[in-house]
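Trainee: Before I ask anything, let me first share the structure, which is written out below as structure tokens.
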Amino acid sequence: MQINLYNSLTRLIEEFKPIKENLVRMYSCGPTVYNYAHIGNMRAFLFADLLQRVLRTVGKYEVNWVMNITNIDDKTIRDSKLGSELWKKEMGEQSSSPLENLLKFTKYYENEFLKDISLLGIDLNHFFAMPKATEYIDSMQKLILKIIDNGFAYISNGSVYFNVMKWNEADKYGKLFNIDFENFKAGTRIDTDQYEREQANDFALWKAKKEDEPYWEFRIDEQICDGRPGWHIECSAMEADLLKLPFDIHTGGIDLKFPHHEDEIAQSKAGYGVEPTAVWCHNEFLEVEGTKMSKSAGNFFTLRDLLDKDIDPIDIRFAILSAHYSSVFNFTFDGITASRKARLRVQDFIYSLFEGQEFVPEKIDYSLKTELINSLRNEVFSHLANNLHTPKALASLFSWLNNHTSDSLSNVEKVDLIIFFSEINNIFVAWDIKKQIKENIIPQEIVDLAELRLKARREKNFKESDILRDKLLDLGYSIKDGKDSYTLEKM
Ligand code: AMP
Ligand code: ZN
């Protein structure tokens with residue numbers, strides 16, 4: 001099915017077509033691993049997961065999905081120096097090498113991140129690569145040299161800066177975001193990785209070595225520029241190495257449009273001569289009471305905070321996916337409860353489809369035989385294909401469920417519906433598509449009596465077998481005979 005996506009670059013919903021026939025190459029800005037990710041961050045990763053799953057399931061594309069791990073930036077360096085209690089508890093003593101400390105510290109949070117996203121239904125096998133910034137320093141340095149050679153970057157005190165004004169004259173700075181050039185003063189430089197003002201300033205591609213910080217050797221025309229990369233250059237180099245330019249889609253949270261993605265576009269075009277991609281997709285914020293969930297606002301929940309409150313991570317996934325990615329998601333506990341109720345309603349319906357079925361899920365071939373389920377599938381899929389409209393897709397599904405009971409369906413329709421649920425579960429990852437396992441634990445003494453009765457039947461001692469059947473009935477168990485077997489059921 002044809003997929004349409006909202007492209008932040010053109011500000012239009014456009015027909016999506018991969019550059020290489022059936023293969024989608026997609027890059028998502030990943031986590032900065034200096035702490036546990038909060039569920040606001042998780043919305044960005046769940047959005048990318050939704051997109052890649054819709055591309056696979058509805059678009060029938062192969063997807064090479066790359067998500068980076070930012071393990072070197074201002075925050076990871078700051079916090080890997082702390083030597084806090086957590087350091088001692090989880091990571092042992094600090095070493096005298098800042099780089100070793102950084103790698104140990106960020107590895108811990110990377111592992112926690114991978115555990116968290118797995119609990120949220122993201123399949124780690126879906127990643128083509130999860131590159132760590134510290135493993136691509138060489139490519140970053142090469143890209144910086146290209147940008148300098150092309151005349152769009154300069155060295156100042158061992159750091160390298162991107163010359164925004166010069167680039168704006170050659171191409172355009174501010175394709176994603178309206179930039180305020182009015183207050184621009186040539187040579188105004190910004191050293192931090194993240195900055196709020198939507199104002200043009202020269203930003204750091206490479207930051208000169210500071211005491212007690214990790215650094216890599218870098219010589220530029222005989223000048224010593226030992227130091228470490230800026231955050232923006234990391235993504236530009238990794239995506240080019242792993243996906244080749246241009247690739248098909250770049251994703252991230254809406255706050256990354258500026259400066260991160262704006263700077264990625266500028267660096268890539270100024271260095272490689274090619275923009276990373278023609279399609280940029282951004283998710284809106286997850287908010288708490290009208291404010292973006294963030295570490296700095298202090299209004300955040302990590303996944304472990306919610307697990308401690310006995311919340312099922314799949315309910316968080318389902319709640320977040322139930323809203324459209326381009327509208328603000330307001331996080332409330334009532335919202336999670338309501339979403340769980342809706343999810344379990346579908347689950348009960350799925351269980352009821354298996355009653356009296358001899359269906360073997362391994363045999364799913366995704367070809368539906370009935371018009372009833374085919375038209376439901378078309379409706380749900382077309383909403384998903386229309387810029388990932390999950391709220392409309394789920395509304396169609398729930399309205400269908402309101403108008404049908406499993407009793408009213410033929411056996412073929414039930415099988416089709418099971419196939420359809422398996423298919424959309426490849427996107428939502430919200431349900432168990434299998435027969436419900438009913439609690440039917442039978443005490444050993446009852447099984448012993450049934451075994452004695454089977455023995456009596458084998459010996460054609462029918463008087464004894466009748467006595468044992470009555471005994472079982474008295475104890476509350478009925479027994480059904482097979483050829484040389486029996487089934488016990490609690491009455
Ligand atoms: P970070 O680990 O800070 O680099 O952020 C990882 C991702 O989370 C980025 O794509 C951010 O845009 C995204 N993000 C951060 N806070 C929120 C939020 N409250 N709602 C949605 N996405 C967010
Ligand atoms: Zn990035």
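Readers should treat all values here as calculations from the given coordinates under stated rules, not as data from a laboratory. Predicted model, so just to flag it, every value in this text is computed and none were measured. Reconstructed Cβ throughout: ideal geometry from the backbone, glycine too, with neighbour counts over all protein chains shown.
Trainee: What angle, in degrees between 0 and 90 and rounded to the nearest 10, separates the Cα long axis of helix 390-402 from the longest principal axis of the Cα atoms of the chain?
Mentor: 10 degrees
Trainee: Given the pairs Lys115/Lys309; Lys142/Lys166; Lys132/Lys207; Lys17/Lys142; Lys257/Lys295; Lys414/Lys434, which span a C-alpha to C-alpha distance of over 23 angstrom in this model?
Mentor: Cα-Cα > 23 Å for Lys17/Lys142; rest within.
Trainee: On the Cα set of region 207-285, report Rg and Dmax in Å, please.
Mentor: Every Cα atom of region 207-285 included, Rg and Dmax give 14.7, 46 Å.
Trainee: May I ask for the angle, rounded to the nearest 10°, between helix 137-149 and the longest principal axis of the chain, with both axes built from Cα atoms and the value confined to 0 to 90°?
Mentor: 40 degrees
Trainee: Roughly how many Å is it from the Cα centre of region 446-491 to that of region 1-41, as a whole number?
Mentor: 62 Å
Trainee: Hey, another quick one. Between Asn299 and Glu21, what is 0.36 nm times their sequence separation minus the Cα-Cα distance? Round to one decimal in nm.
Mentor: My answer for the length gained is 95.7 nm.
Trainee: Among Ser118, Ser396, which comes first, second and so on when ranked by fewest other beta-carbon atoms within 10 Å?
Mentor: Going from least to most buried by this count: Ser118, Ser396.
Trainee: How many Å³ per residue does the convex hull of the Cα positions in region 247-389 occupy?
Mentor: So the per-residue Cα hull volume is 192 Å³.
Trainee: Same structure, new question: What ranking of Ser96, Ser236, Ser327, Ser406 emerges when the number of other C-beta atoms within 10 Å of each C-beta is taken as an exposure proxy, fewest first?
Mentor: Ser96, Ser327, Ser406, Ser236
Trainee: With point charges of +1 on the Cβ of Lys and Arg and -1 on the Cβ of Asp and Glu, referenced to the Cα centre of region 161-278, which listed residue (Gln267, Trp216, Trp231) lies farthest in the positive direction of the dipole?
Mentor: Farthest towards the positive pole: Gln267.
Trainee: If one puts a single equal scatterer on every Cα of region 4-119 and applies the Debye formula without solvent, what log₁₀ I(q)/I(0) results at q = 0.17, 0.18, 0.21 Å⁻¹?
Mentor: So the normalised log intensities are -0.87, -0.93, -1.12.
Trainee: For region 229-332, which trypsin sites (Lys or Arg not before Pro) are both in a DSSP coil and crowded by at most 14 other Cβ atoms within 10 Å?
Mentor: Answer in residue order: Lys244, Lys309.
Trainee: Can you find, among Ile320, Gly92, Asn425, the residue sitting farthest towards the positive end of the charge dipole of the chain, where Lys and Arg contribute +1 and Asp and Glu -1 at Cβ?
Mentor: Asn425
Trainee: Could I ask something else about it? So what's the back-of-envelope 222 nm ellipticity for the chain, counting only DSSP H runs of four-plus at -39500 (n - 2.57) apiece and dividing by all residues, rounded to 500?
Mentor: It lands at -13500 deg cm²/dmol.
Trainee: Scan the chain and report its longest stretch carrying no GluC sites (Glu not before Pro) that are both in a DSSP loop and have at most 14 other Cβ atoms within 10 Å.
Mentor: 94-181
Trainee: Here is a follow-up. In nm, what is the difference between 0.36 nm times the number of residues separating Asn426 and Leu473 and their Cα-Cα distance?
Mentor: Value of the extension gain: 12.4 nm.
Trainee: Kirkwood Rh over alpha-carbon pairs of the chain, then Stokes-Einstein at 4 °C and 1.567 mPa s: what D in µm² s⁻¹, rounded to an integer?
Mentor: The Stokes-Einstein estimate is 50 µm²/s.
Trainee: Determine the shape class of region 415-472: with a ≥ b ≥ c the square roots of the Cα gyration tensor eigenvalues, call it rounded for a/c under 1.5, and otherwise prolate if a/b is greater than b/c, oblate otherwise.
Mentor: prolate
Trainee: For region 403-412, what does the Karplus curve 6.51 cos²θ - 1.76 cosθ + 1.60, with θ = phi - 60°, yield as ³J(HN,Hα) per residue in whole Hz, taken in order and with x for Gly and Pro?
Mentor: 9, 9, 10, 5, 4, 7, 9, 6, 4, 5
Trainee: So if each residue of separation counts as 0.36 nm, and I subtract the Cα-Cα distance between Ser327 and Arg345, what length gain in nm does that give?
Mentor: 4.0 nm
Trainee: Helix 262-272 sits at what angle to the longest principal axis of the chain, using alpha carbons and giving 0 to 90 degrees rounded to 10?
Mentor: Orientation of helix 262-272: about 70 degrees from the principal axis.
Trainee: Also: Quick one: Karplus J couplings for region 233-249, per residue in order, coefficients 6.51, -1.76, 1.60, θ = phi - 60°, nearest Hz, x for Gly and Pro?
Mentor: 5, 4, 5, 4, 6, 5, 5, 5, 5, 8, 10, 6, 9, x, 9, 8, 9
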